[in-house]
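Only one structure is covered here, and it is reproduced in the block below.
We did not get these values from a lab; they are worked out from the coordinates using the rules stated. All values reported here derive from a predicted model rather than from experimental measurement. Positions of Cβ are generated from backbone atoms using ideal geometry, with glycine treated the same way; all protein chains shown enter the neighbour counts.
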Amino acid sequence: MKLLLAPMDAITHQAFRNLVGRFGGCDEYFNEMINASSLLNDGPWEKFYLFEGPEPQKLVWQLTDKNGSKMAEAARILAEKNGIGIDLNMGCSAPQIAKTGAGIAWMTKPLSETCDMVRKVKSALENAAKDGFKAKRLSVKLRLGDESYTEEKLHNFCAMLIEEGVQMITLHARTQKQKHSRPSNWQAVENLALRFPEIPVVLNGDVKDSVSFETAQKTAPHTQGIMIATAAAQKPWIFAELKNLIPAETSNCNEMQGLFDAEQLALDFIDDVEKFQPEVFWKTRLQRFFAFYCLNFSFGHYFQSQMLNSADNNDARKRLHEYFEKCPDDKIFKLKNC
Ligand SMILES: Cc1cc2nc3c(=O)[nH]c(=O)nc-3n(C[C@H](O)[C@H](O)[C@H](O)COP(=O)(O)O)c2cc1C
């Protein structure tokens, strides 16, 4: 059973992935989505999306755009870099993405258009391999579809993807409009995995701890991987905790006796944001991260509002120190199952 870090916009950049890496990492790290048009325009911030650490060989580059030709051109650029492969974002349902024809819009526009985009991207990857670059896997992350979803429609769509050369599918098993308050349909992931045994099918949605991890595996025993988003944003050590539940896997949390300094971890994150993100992104990247991270602690909502109101990085450092001084019992954090 593989463990995958989900793509999260403004979160799964290198500074965050370094945190996951410190706890022994995961099998695949999905980068935050990269807009193909922006990458091709070579804007001032694009290079910050292209850091490959901490384990370049385990990185997956996720692409988004409304334009298939641009996605293919961008795929060629990424195919020359390290990593396992390129993932096509067909699941993002945020209105500002879907309305432009990107994200989940690829599941709802005429099939021939999506088929053409996938074919172009696949061909770009094959050409890069012919030119001597390491072959890259083509994968897709999708949802169930729009509100007219039926299993038959989803399976026909995935059959087209596989015919066009897609080698792995991650299913976030909700429809376009279903909110996170509704449970993800793990049975639909199992049915997809049973229908397409020729490729790995990865389950995503609602796996947040040992219990949900084990229940998801029981409900979808034919899935080959579990991808985690929000729970990893809150607990970058979640993969270390879950690895100990997988037979024949060992996580390095035993070596550290499952203990770490939560203040130091957050300080190191801020240092890495300064190293791996442009200054204009510092504030939003800290806000995105601390919105999740602070919820691990006794006075999570108070801590969160303190951190979200930081004036700048040094103020954030000061506020971190103040919190752990007030709540010293929160400072040394204990991992579960370790
Ligand atoms: C802050 C945030 C940013 C996200 N950004 C992306 C993204 O860039 N690409 C993508 O395919 N999904 C994105 N997602 C969706 C997640 O990858 C995942 O499918 C969803 O959160 C369900 O998984 P979970 O229950 O483990 O959180 C994002 C989710 C969150 C919470």
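Can you tell me which of Pro54, Pro7 is touching a residue at least 40 places away in the same chain (Cβ under 8 Å), surrounded by fewer than 20 Cβ atoms within 10 Å (Cβ to Cβ) and of a type outside the set (A, V, I, L, M, F, W, C)?
After applying the criteria, what remains is Pro54.
Please go through (1) outside any helix (DSSP H, G or I); (2) without any contact (Cβ under 8 Å) to a residue 40 or more places away in the chain for Pro236 and return the number of the only condition it doesn't satisfy.
It is condition (2) that Pro236 fails.
Test Lys47 against the stated conditions and say whether it is more than 16 Å from the ligand (Cβ to nearest atom), part of a loop (DSSP other than H, G, I, E, B) and surrounded by fewer than 19 Cβ atoms within 10 Å (Cβ to Cβ).
no
Which residue, of Ala74, Ala102, Ala10, is more than 24 Å from Phe292 (Cα to Cα), assigned to a loop (DSSP other than H, G, I, E, B) and within 15 Å of the ligand (Cβ to nearest atom)?
Ala102
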